[in-house]
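Enquirer: One structure follows; several queries about it will come next.
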Amino acid sequence: MVTTVVEGPMQALYGRFEDNPPRWGGTRIKLYWPGSDLNDPNSLDKLKEPVICTAGFPAISEGYEVMATAGHCAPYGAASTPRWAWNGKSLTEGGILCALAGCRHREVGSVWKTMAKTYSTQTQAVGNSSVVDMAWVFLHTTPAANNYGASYYTGTSSGDVINHAQDTYPSPSTDYTGLTMCVSGATNFRSCGWKVTGRDLTVATVKGSATGGTTQYIYTYGWRMTSTQGGCVGGGDSGGIVWFVANDGKWATAGVISSATSELCGTSLAFATWADARIYFPSLTPKLQ
């Protein structure tokens with residue numbers, strides 16, 4: 001399937017950490033739990049580091065616009081599920097002044113659905129069915145309200161606001177083995193030259209803010225790829241978009257970053273595809289311009 005589109009709209013003030021409607025993929029998203037009092041200026045909740053991830057690709061599911069991210073950014077099971085997603089800098093990225101102000105730029109939405117179930121032990125994880133590491137955020141507005149634009153940030157630094165329209169998406173039956181991919185996360189930004197080696201089953205460790213400080217495990221089903229050009233991904237890149245350039249030159253959206261071999265600079269990573277997520281959500285389709 002090939003669909004031709006025009007380039008995405010330009011925004012007056014925008015970036016991975018200061019994204020404005022229509023919200024794009026590749027931005028920093030921060031997920032907060034139910035009970036977090038974000039509107040009270042005296043609340044200490046704004047000084048607590050939330051779950052730090054990246055927005056993936058916009059899609060349409062059940063008639064609603066949604067934004068994909070990694071499922072383990074909003075897990076359920078042994079961990080409580082975050083509720084709200086905001087764009088902005090992490091406390092580390094923003095510094096003390098940003099922290100005092102809450103480091104929040106604009107609401108991205110709330111967690112709508114997640115497929116990532118966590119377990120307390122690795123044995124429990126592999127003893128249950130594998131999952132597609134993907135979750136969906138949406139705004140409580142009317143269906144297809146243009147909350148999420150069909151573009152994503154592809155710059156190679158925090159100040160680089162290069163973006164590209166979501167041109168097309170591959171067939172659900174696509175075999176990614178041997179293809180060379182690009183990724184774009186809000187921590188390590190864009191890198192290309194990722195060679196897909198085949199299908200993958202991974203027991204990923206989930207810890208930190210996403211699990212309340214405890215170490216938990218998720219058993220994921222997806223694809224594995226390895227960097228061939230020095231690129232890497234790490235903490236905070238989870239949920240970032242994965243794409244490749246098709247033979248006709250169009251950019252094809254494949255899925256989102258799931259897990260890597262290192263929290264700092266992993267050169268082997270697993271990714272979850274929109275096609276695998278469609279097993280659970282038959283109407284799911286990446287949004288195009």
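Read the figures in this text as sums done on the coordinates, not as results from a lab. Remember, it's a predicted structure, so these values are computed and weren't measured experimentally. Glycine gets a Cβ as well: all are built from the backbone with ideal geometry, and neighbour counts include every protein chain shown.
Enquirer: Using the Karplus curve 6.51 cos²θ - 1.76 cosθ + 1.60 with θ = phi - 60°, work out ³J(HN,Hα) for each residue of segment 122-130 in order, rounded to whole Hz, and write x for Gly and Pro.
Expert: Calculated HN-Hα couplings, in order: 5, 4, 5, 4, 6, x, 10, 5, 6 Hz.
Enquirer: Along segment 83-91, what does the Karplus equation 6.51 cos²θ - 1.76 cosθ + 1.60 (θ = phi - 60°) give for ³J(HN,Hα), rounded to whole Hz, x for Gly and Pro?
Expert: 10, 9, 10, 10, 8, x, 8, 6, 4
Enquirer: Once both labels are modelled 7 Å past Cα along the beta-carbon direction, what's the Ser157-Gln122 spacing in nm?
Expert: Once both label points are built, they end up 4.0 nm from each other.
Enquirer: If you take the beta carbon distance between Thr214 and Asp248 as r and set R0 to 45 Å, what does 1/(1 + (r/R0)^6) give as a FRET efficiency, to the nearest 0.05?
Expert: My answer for the efficiency is 0.45.
Enquirer: Among Lys113/Lys250; Lys89/Lys250; Lys89/Lys117; Lys113/Lys287, which pairs are too far apart, with a Cα-Cα distance over 25 Å?
Expert: Listed pairs above 25 Å: Lys113/Lys250; Lys89/Lys250; Lys89/Lys117.
Enquirer: Let me ask you something else. Note down the nm distance, to one decimal, between modelled labels 7 Å out along Cα→Cβ at Thr285 and at Thr226.
Expert: Placing both labels 7 Å along Cα→Cβ, they lie 3.8 nm apart.
Enquirer: Another one. Roughly how many Å is it from the Cα centre of segment 124-192 to that of segment 230-289, as a whole number?
Expert: First find each Cα centre; the distance between them is then 5 Å.
Enquirer: Further, regarding this structure: 5 Å is the cut-off here: which amide hydrogens, built 1.01 Å from N in the peptide plane, fall below it relative to Tyr148, excluding neighbours closer than 5 in sequence?
Expert: Arg23
Enquirer: Let me ask another. Quick one: Karplus J couplings for segment 20-31, per residue in order, coefficients 6.51, -1.76, 1.60, θ = phi - 60°, nearest Hz, x for Gly and Pro?
Expert: 10, x, x, 5, 10, x, x, 8, 5, 10, 10, 10
Enquirer: Considering Cα pairs under 8 angstrom that are at least six residues apart, work out the relative contact order of segment 199-289 and quote it in whole percent.
Expert: Computed value for segment 199-289: 24 percent relative contact order.
Enquirer: Shifting gears a bit: Provide the gained length on full extension for the span Ile96 to Glu62, in nm with one decimal, where the gain is 0.36 nm per separating residue minus the Cα-Cα distance.
Expert: Length gained between Ile96 and Glu62: 8.1 nm.
Enquirer: Kindly rank 118-124, 68-74 from highest to lowest mean number of other beta carbons found within 10 Å of each residue.
Expert: 68-74, 118-124
Enquirer: Relative to the present Cα-Cα distance, how much length would full extension add between Arg199 and Ser173 at 0.36 nm per residue of separation?
Expert: Taking Arg199 through Ser173 to full extension adds about 8.1 nm, to one decimal.
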